[in-house]
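These notes are about the structure you will find just below.
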Amino acid sequence: MALGEASTSSILMELMASKITGKTITAEAIFEGRSGDFYGGWGFYFVRKYLEEHHPPSHTDDPMNGYEDSVAGRYFSPGMAENRLMVYDLNQIADPSRGRTVNVPEGDNYSEITLHKVIVGGDPDDNVDQNDYPGCVLVNVPKMKIHAQDLLTNAIKNIGIGLYPTQCALNSDDENKWKYAMPPSSTPSFKGKLPHCPWVVEIDDETDLPLKDENGEYIVTKTAGMPGTQADVIKAVQEQGVYMVHVSDSIDMINLNHNPEGIAVRIPEGYLWSSLDCVALDLLCARYCFKTIPMSEGMKLKEENSWNTEFVHQVPVAQIEDKNIITVEGLDSPLFRYHLYSYTENRGIGQQPYYVTGWDSVTHTPLASLAGHLGRVEENKFIELMTDNMYYNPSCMIWDMQKTILSYAEAHDALNGTSIVKELMDGFDENGDGVIDYDERGRKGFDTHNFLIMSQSLDIQLTEEYGTLKGNFYNMANMGKHSDEKWNSEGHDFTREFNLVGIANQAYEMSKYENVTPDPFVPGMKWGKGMWPSWELARWAMFSGMLYGAISADQVSISSVYGMVFSYADKTLNKGQYTGSVDGKISDPQAVHKYIEAVSRGADVLDFVLYVPSGFGILGEMKIPNVEETNDPGKIFTAYFNQGQEVW
C-alpha cells in the first residue's frame, strides 16, 4: 500500500515549512504531517500511528516503515520499496524516469498525457521498469466541496485534475517550463495550463498578458474545457487497466469555497460514500446538495415546467416592491445547466444510473434510493434524506444561483433603466438561448490568465523579500486594473465578466445586511434586510472592498490592497512603527486604523501613494491618507514608494 498526493499547494507548503523551520521539509513530510518537531500538512504520520497501535500481532509488517524515508526525501519505486509503506508526491516527475506518457483514447483536449508511473505502471515493453512500477489499484478519496470553477470537487475532479503533475517538463531545453502548471519557475503551483474553461487564451511570455489579434480581439482556442480535461486523464488511466475505487468523504461537506479561505463553511451532513463508478457517485452527491424539495413535489414541478430534473432547491429571488428590490423565495437547480455527468457518460468514464445501499448509523436503518433520490427504509417505508442547506460558491454565482442573479438584474433593469441582463448575456451566453450553462464561461479565456496571476502571486510570495505583501498586491491589483480597458495602458478588460459576477454577488451579500441603509446612487432606494442595493453601489462596494477591505473608513483592513501598500511603507521606511514589526508576515491587525487616526490628528503621512480610479479615494466622507484618484491608466492600481523610487 502507498499514499499518493498531487495537491497544487504541496510545493508551496514544502518551501514555506522549510523557510519557517530553517531546515529542509520535503513534500512527502508535508503529506506525513510531521518532520521531527515540525507539525503541519496532511497527517499521514498519524494514520501510520493508528495502524501501528491497532495492528494484529500476527502481521509482521511495520506501518511506520517508510516514514523516515518521507522525512529524508528518499525515493523508492513501488517495486523497490520492499516492506515500506511509501508516500509519493505525484506532482514530481521532473525526473523523467518517474513518468510515462500514455495515450488518451479519443481525447478531446489531449491525445496523450504524462503521468506518474506509480499510477499507470512502467513501460509495457521494459520488464525492469514494469517490476519497478507494477501499477496500482487506485483508491480515490476526495473531500466533497463546492468548487470555484466547477460545480463540485469530488470523485471526478479529485483525479480529473489531481492526477496531472505540476513538475512535468515541457521539454528538456527549459527545466522550469511545465506541461500543465504555472508559473515557469522552480515553484509551479496552479495547474493553470489545463483547460479549465472552453476558451483558452494565448499568453505573451514577455509581458504575461493575453495576446490580441490585429482586430483587438483576444487570441483564444476553443477546447472541451474542464469536462474534457477531467475526462481525458481518467480515460487515459482506465485505458492502462487501473482498477479504481472511489470513496467520498462527505461527512463534513465544504460550502461556499473549496479553498482554505475564511468564507468556507463545514456542513455536517454525515455521509461516507463509496463506488466503483465516479460518475454515478458524483451525480448522487450533486443531487443531494441541490435538492430541498421532496421527490413527489419535484416530479410534479418537473412535468409542469418541462424541467430536465426534479432535483431542485429553494433559492432567494429578487422582485420589485415600490422603489426597492426585495427578496422572495423561488426554485432553481444548477443541474438545469450542468452537463459534466452526461458528457463523461458519453465518454465511457461511467454511467449516470445508480442505486444506493448502506446503513444509517444514527437511526439504525438501511439506506436506499428511489429513482435516484436518497433515503432510508423504516418499517417498509421509504423516507427521503435531504439537506436543509443552500450550497453555492460566490465565484460561480451566475451558474450556481442563476435565477437569483438574473432576477436581480431583471428587476434592476426594469426599475432603473439599466442593461445588466444584456451585459451578462453578452458576456456569457454563447448560444443565445437565454441560459448560461457551466460550459459558457466567457470568450476571453479568463481562467487561463487568472491562474497565471495567482501562480505569479504565489511565486512572488515565496521568493521575494516582503513577498507576502507584494504577491497579494500583485494578485488583487491585476484583477482590478484589467476589469476596465480605461484602467490600464494596454486596454485590457479580460477580468470584466468575472467582475460582473463579483458585483452581483456583492449585491446579494449586501441584501443580507441587518440594517436598512439609503442607497446613495438611486434616490428613494434602500438596501439591507432583504432589500438589494443598486448595481452602481454594489460595484463601488466590491472595488472598495478590494482596495480597502471595507466600505467604511473605520474598518479598513490590513489585508486589503491599501493595507499591503501601507504595511510595506511602514516596514521599509518607518521601521514598522505602526505595524509593530519589520517582518513582512507580522503586522498588528489594527495598524491601519491607528495610522488613519494618527494622520487625522496631524501626524506625518508615510512616503507612499496608492493610485485608484476616480470615485474610489473616499470612504464615507473621509479621504483615505496617501490615496490619490487618477484617470491615468498607467497609474491606476499602482503604488509609489520613497518619492517614486520604487513602484508596484
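What is the sum of charges, Lys and Arg at +1 and Asp and Glu at -1, for the other residues whose Cβ falls under 10 Å from the Cβ of N308?
It works out to a net charge of +1.
Taking a ≥ b ≥ c as the square roots of the Cα gyration tensor eigenvalues, with a/c under 1.5 meaning rounded and otherwise prolate when a/b beats b/c, else oblate, which class fits segment 19-103?
Oblate.
What are the principal axis extents of the Cα atoms in segment 173-226, in Å, biggest first?
Largest to smallest, the principal-axis extents are 36, 27, 18 Å.
Looking only at Cα atoms, what is the convex hull volume of the chain per residue, in Å³?
Dividing the Cα hull volume of the chain by its residue count gives 190 Å³.
Please give the FRET efficiency for S614 paired with E304, using the beta carbon to beta carbon distance and R0 = 51 Å, rounded to the nearest 0.05.
About 0.50, to the nearest 0.05.
For K300, go through the lysines and keep the ones whose alpha-carbon is under 19 Å away, minus same-chain ones fewer than eight residues off.
In chain and number order, the partners are K291.
Would you work out the charge dipole size for the chain about its Cα centre, treating the Cβ of every Lys and Arg as +1 and the Cβ of every Asp and Glu as -1, and quote it to the nearest 20 debye?
1100 debye
Note down the magnitude of the dipole of segment 464-647 about its Cα centre, charges +1 on Lys and Arg C-beta and -1 on Asp and Glu C-beta and zero elsewhere, to the nearest 20 debye.
With only Lys, Arg, Asp and Glu charged at Cβ, the dipole is about 340 debye.
Taking H placed 1.01 Å from N in the peptide plane, check which residues at least 5 places from G135 or on another chain put their amide H under 5 Å from its amide H.
The answer is G121, G122.
Tell me, what does the Kirkwood hydrodynamic radius of segment 464-647 come to in angstroms if you use every pair of distinct C-alpha atoms?
17.1 Å
Can you tell which of Q130, L211, V245 lies farthest toward the positive end of the dipole of segment 114-260, using +1 and -1 charges on the Cβ of basic and acidic side chains (Lys, Arg; Asp, Glu)?
Of the candidates, V245 comes out farthest on the positive side.
What distance in nm lies between label points placed 7 Å from Cα along the C-beta direction at A414 and Q314?
2.3 nm
Compute the Cα gyration tensor for segment 509-595, then decide on rounded, prolate or oblate, letting a ≥ b ≥ c be the square roots of its eigenvalues: rounded whenever a/c is under 1.5, prolate when a/b is larger than b/c in the other cases, and oblate in all that remain.
prolate
Counting Lys +1, Arg +1, Asp -1, Glu -1, what net charge surrounds M253 among other residues with beta carbon under 10 Å of its beta carbon?
Taking every Cβ under 10 Å from that of M253, the sum is 0.
Counting only C-alpha contacts under 8 Å and six or more residues apart, can you give the relative contact order of the chain as a whole percent?
So the answer I get is 9 percent.
Just want the ordering: D282, D588, D150, D433, from fewest to most Cβ atoms lying within 10 Å of their own Cβ.
Taking fewest neighbouring Cβ atoms as first place, the list is D433, D588, D150, D282.
Could you list, in their original order, any pairs among K145/K529; K117/K444; K23/K594 whose Cα atoms are separated by more than 32 Å?
Distance filter (> 32 Å) returns K117/K444; K23/K594.
Computed FRET efficiency, Cβ-Cβ of E329 and S296, R0 25 Å: what is it to the nearest 0.05?
Plugging the Cβ-Cβ distance into 1/(1 + (r/R0)^6) gives 0.85.
What's the FRET efficiency of K529 with S600 using the Cβ-Cβ distance as r and R₀ = 30 Å, to the nearest 0.05?
It comes out at approximately 0.40.
Just add up the charged neighbours of D61: K/R +1, D/E -1, any other residue whose Cβ is under 11 Å from the Cβ of D61.
For residues surrounding D61, the net value is -2.
When a footprinting reagent is the concern and you count Cβ atoms within 10 Å, what order do L272, L424, L469 take, fewest first?
L272, L424, L469
Considering the options G545, L284, Y75, tell which one lies farthest towards the positive end of the dipole of the chain, charges being +1 on Lys and Arg and -1 on Asp and Glu at the Cβ, about the Cα centre.
The residue sitting most towards the positive pole is G545.
Could you check how many percent of all C-alpha pairs in segment 326-389 are farther apart than 15 Å?
67 percent
For a quick size check, give me the Cα extents of segment 441-545 along its three principal axes, largest first, whole Å.
For segment 441-545, the Cα spread along each principal axis is 49, 31, 24 Å.
Using only alpha carbon pairs under 8 Å that are at least six residues apart, calculate the relative contact order of segment 41-112 and give it in whole percent.
Computed over segment 41-112, the figure is 20 percent.
Along the charge dipole of the chain, pointing to its positive end and built from +1/-1 on Cβ of Lys, Arg, Asp and Glu, which listed residue (V556, I436, A27) has its Cα farthest out?
V556
Determine by what factor the alpha-carbon radius of gyration of segment 107-172 differs from 2.2 N^0.38 Å, reporting the quotient.
Segment 107-172 yields a ratio of 1.36.
Got a sec? How would F46, F616, F566 order by Cβ neighbour count within 10 Å, fewest to most?
F46, F616, F566
No lab work stands behind these numbers, since they all come straight from the coordinates. Model, not experiment: these values are computed from the prediction. Because the Cβ atoms are built from the backbone with ideal geometry, glycine has one as well, and the counts that use them run over all protein chains shown.
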